[in-house]
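K.L.:
Could you have a look at this structure, given as structure tokens, before my questions?
The values are calculated or read from the model by the stated rules, or taken from the named source; none is laboratory data. Predicted, not measured: the structure shown is a model, and the values here were computed from it. So basically every Cβ, Gly included, is an ideal-geometry build from the backbone, and we count neighbours across all protein chains shown.
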């Protein structure tokens with residue numbers, strides 16, 4: 001786009017009363033962007049009210065703002081320099097209006113952050129810096145305003161540059177410029193300040209012209225969230241806005257998370273001389289498919305070669321704005337692209353103090369706090385991590401019909417479950433056996449089943465499993481142990497320890513354990529199996545005779561035992577993605593049996609498991625009593 005035609009969207013943010021509205025009013029006046037007579041009208045208004053002239057009144061459109069002296073909503077206003085046009089998004093600085101600040105900054109190409117030279121860096125200054133980082137705004141300048149109130153002191157300016165620059169650097173935000181200004185007096189706004197000859201950098205207008213308009217993310221993989229599906233003259237038109245990538249007629253599209261595939265027949269656009277054969281990021285379009293498949297609002301279309309992640313659980317970095325504290329177990333509605341789904345807060349991993357970026361452990365997140373947490377959705381979702389695709393890696397949480405928080409998505413430590421839920425085989429059917437389950441139960445004297453031992457490394461899963469196997473064998477049970485290390489020597493020798501490989505490891509073991517169970521045996525598995533969704537899939541495969549047994553031991557106990565020296569290596573950074581240290585372990589919500597090995601001896605733990613098995617699986621009275 002030609003520089004004379006392009007427009008740059010700039011969010012102006014900062015603590016209340018640090019001078020945002022004054023700065024914007026000054027920018028309008030100094031660039032000749034005010035409507036004719038506006039300046040004189042504001043002067044006359046101030047005279048009628050018996051108050052001094054305020055540059056802020058040039059852009060404060062709401063009467064409530066003039067009365068209260070604070071900006072209470074985002075206001076978008078336009079002005080032009082010799083280079084290009086600008087859309088200034090004036091975002092509220094008052095703590096109570098952070099929601100609107102998030103809305104404004106999320107739409108911006110760049111941000112201008114104000115700090116009052118006299119008041120210095122405030123809590124809101126740090127919050128706003130953190131929010132800019134959270135929202136992915138990378139083009140930032142900092143205006144140190146009201147320099148006239150500190151006698152244009154260079155030392156004061158350099159102290160703010162040093163302290164706030166160090167804070168932003170920790171966030172990974174590098175401001176393009178720090179500019180000392182006085183918006184009221186016009187210093188370093190449109191023209192260099194004679195009162196600050198020691199400053200050699202650009203003015204605000206020069207720095208704005210140095211920013212780049214963010215190009216549409218055509219280079220990213222295609223993401224086309226479905227807004228709605230319409231019927232026109234026997235055609236089904238799938239409508240939405242392309243968030244990233246390019247879509248062409250003839251493309252084969254994968255709709256996630258339903259995993260249905262369709263080929264684009266036409267691209268439908270409105271108010272155009274002819275229908276396009278391709279569309280790119282930022283365009284709102286409709287498409288028709290060559291074959292009719294069921295597509296619903298909230299699904300995301302992509303190319304098959306580079307689809308989004310599919311998961312019902314993910315990590316989130318969230319800024320909480322709700323009136324009620326967010327707590328573990330709380331339920332909310334998540335809005336992600338065009339999808340709306342229920343989510344529950346599975347865990348709060350840490351709460352971040354935006355003043356010094358220190359962290360604390362807490363079961364609750366208060367208003368205006370930032371936290372890293374794990375969210376679990378009610379169903380499988382199509383997800384992009386924020387680092388891979390900022391436009392589709394953001395979400396908001398809704399509480400009681402109001403937006404209560406916004407955040408970004410990470411999949412660190414969690415697996416893409418797409419390959420675990422998509423069925424690739426076709427033209428297959430199960431083979432019926434002449435030997436029935438009842439035949440096997442009468443022969444063995446017990447039902448077949450899967451005894452799924454889960455717990456941290458070092459909790460005692462393998463120790464208890466092997467001892468239980470011996471006790472059951474002595475009692476005449478048909479039983480076998482599948483152990484994690486043993487399985488990886490053969491069946492799963494091709495798998496590593498990435499989240500995806502670990503999920504596939506458990507999927508295979510769950511299917512094998514189910515086959516052993518259907519053969520009439522009791523299959524005991526001893527696997528960390530840290531993800532709840534993987535254990536749920538194993539339960540689905542095992543059916544009614546599946547039992548989840550939580551071999552419980554706290555992290556400190558497991559680390560103290562450390563029978564294989566793995567925790568020591570993980571703490572040293574030699575083992576990445578180690579469960580309990582650098583990767584999550586999701587504690588079972590409702591296990592069939594809990595065996596606390598931190599308080600029980602091995603013998604007592606074995607007795608507890610064997611007693612449970614005899615009660616649930618034995619059909620022979622002798623075995624049930626022994």
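K.L.:
What is the one condition in (1) under 22 Å from residue 532 (Cα atoms); (2) surrounded by fewer than 18 Cβ atoms within 10 Å (Cβ to Cβ) that residue 470 does not satisfy?
P.N.:
Unmet condition: (1).
K.L.:
Report yes if some residue within the stretch 303-316 is within 30 Å of residue 373 (Cβ to Cβ) and out of contact with any strand residue (DSSP E or B) (no Cβ under 8 Å at 6 or more places or on another chain); otherwise report no.
P.N.:
Yes - at least one qualifying residue is present in the stretch 303-316.
K.L.:
How many residues does the stretch 145-167 contain that are surrounded by 15 or more Cβ atoms within 10 Å (Cβ to Cβ) and on the phi > 0 side of the Ramachandran plot?
P.N.:
2
K.L.:
Looking only at the stretch 454-484, how many residues end up being more than 21 Å from residue 539 (Cα to Cα) and in a helix (DSSP H, G or I)?
P.N.:
8
K.L.:
Considering every residue within the stretch 537-545, establish whether at least one is assigned by TED's automatic domain parsing to the domain that holds residue 453, closer than 18 Å to residue 420 by Cα and within 26 Å of the chain's Cα centre (by Cα). First the steps, then the outcome.
P.N.:
Filtering the stretch 537-545 down to residues assigned by TED's automatic domain parsing to the domain that holds residue 453 leaves 537-545.
Add one more test, that the residue is closer than 18 Å to residue 420 by Cα, and what stays is 537-543.
Next, only the ones that are within 26 Å of the chain's Cα centre (by Cα) stay: 537.
Yes, that holds for at least one residue.
K.L.:
May I pose another question? I'd like the full set of residues that are surrounded by fewer than 19 Cβ atoms within 10 Å (Cβ to Cβ) and at positive phi, limited to the stretch 567-587.
P.N.:
573, 577
K.L.:
Additional query: Only one of 601, 525 is closer than 22 Å to residue 502 by Cβ and more than 32 Å from the chain's Cα centre (by Cα); which?
P.N.:
After applying the criteria, what remains is 525.
K.L.:
Turning to a different aspect of this structure: Does residue 581 meet the test of being assigned to a loop (DSSP other than H, G, I, E, B) and touching a helix residue (DSSP H, G or I) at 6+ places or on another chain (Cβ under 6 Å)?
P.N.:
Numbers: assigned to a loop (DSSP other than H, G, I, E, B): yes; touching a helix residue (DSSP H, G or I) at 6+ places or on another chain (Cβ under 6 Å): yes.
Here the answer is yes, as residue 581 does meet what is asked.
K.L.:
Only one of 393, 406 is in contact with a helix residue (DSSP H, G or I) (Cβ under 6 Å, 6 or more places away or on another chain), over 18 Å from residue 532 (Cβ atoms) and crowded, with 16+ Cβ neighbours inside 10 Å. Can you tell me which? So that I can check it myself, show each step before the final result.
P.N.:
Values: 393 fails: in contact with a helix residue (DSSP H, G or I) (Cβ under 6 Å, 6 or more places away or on another chain).
Within the list 393, 406, the selection yields 406.
K.L.:
A further question follows. Within the stretch 137-158, identify whether any single residue is part of a loop (DSSP other than H, G, I, E, B), out of contact with any strand residue (DSSP E or B) (no Cβ under 8 Å at 6 or more places or on another chain) and under 30 Å from residue 391 (Cα atoms), and answer yes or no. Reasoning before the result, please.
P.N.:
Pass one, the stretch 137-158, residues part of a loop (DSSP other than H, G, I, E, B): 137-138, 146, 151-153.
Add one more test, that the residue is out of contact with any strand residue (DSSP E or B) (no Cβ under 8 Å at 6 or more places or on another chain), and what stays is 138, 151, 153.
Checking the rest, the ones that are also under 30 Å from residue 391 (Cα atoms) come to 138.
Yes, there is a match, as at least one residue in the stretch 137-158 is part of a loop (DSSP other than H, G, I, E, B), out of contact with any strand residue (DSSP E or B) (no Cβ under 8 Å at 6 or more places or on another chain) and under 30 Å from residue 391 (Cα atoms).
K.L.:
Residue 451 fails exactly one of the following numbered conditions: (1) more than 18 Å from residue 539 (Cβ to Cβ); (2) touching a strand residue (DSSP E or B) at 6+ places or on another chain (Cβ under 9 Å); (3) surrounded by 19 or more Cβ atoms within 10 Å (Cβ to Cβ). What is the number of that condition?
P.N.:
Here residue 451 clears every test but (1).
K.L.:
Right, residue 564: in the same structural domain as residue 594 (by TED's automatic domain parsing) and surrounded by fewer than 16 Cβ atoms within 10 Å (Cβ to Cβ) or not?
P.N.:
Values: in the same structural domain as residue 594 (by TED's automatic domain parsing): yes; surrounded by fewer than 16 Cβ atoms within 10 Å (Cβ to Cβ): yes.
Here the answer is yes, as residue 564 does meet what is asked.
K.L.:
Okay, moving on. Cβ contacts < 7 Å: first residue at positive phi, restricted to the stretch 249-269; second residue surrounded by fewer than 16 Cβ atoms within 10 Å (Cβ to Cβ), any location; separation 6+ or different chain. Result?
P.N.:
250/263; 259/422
K.L.:
Look through the stretch 137-156, keep the residues that are touching a residue at least 40 places away in the same chain (Cβ under 8 Å) and in contact with a helix residue (DSSP H, G or I) (Cβ under 7 Å, 6 or more places away or on another chain), and return whichever of them is farthest from residue 12 (Cα to Cα). Steps first, answer last, please.
P.N.:
In the first step, residues of the stretch 137-156 are kept if they are touching a residue at least 40 places away in the same chain (Cβ under 8 Å); the result is 137, 139, 141, 143, 145-148, 152, 154.
Still in the list and also in contact with a helix residue (DSSP H, G or I) (Cβ under 7 Å, 6 or more places away or on another chain): 137, 141, 143, 145, 147, 152.
Working: 137: 12, 141: 10, 143: 10, 145: 13, 147: 18, 152: 22 Å.
Only one residue fits best here, namely 152.
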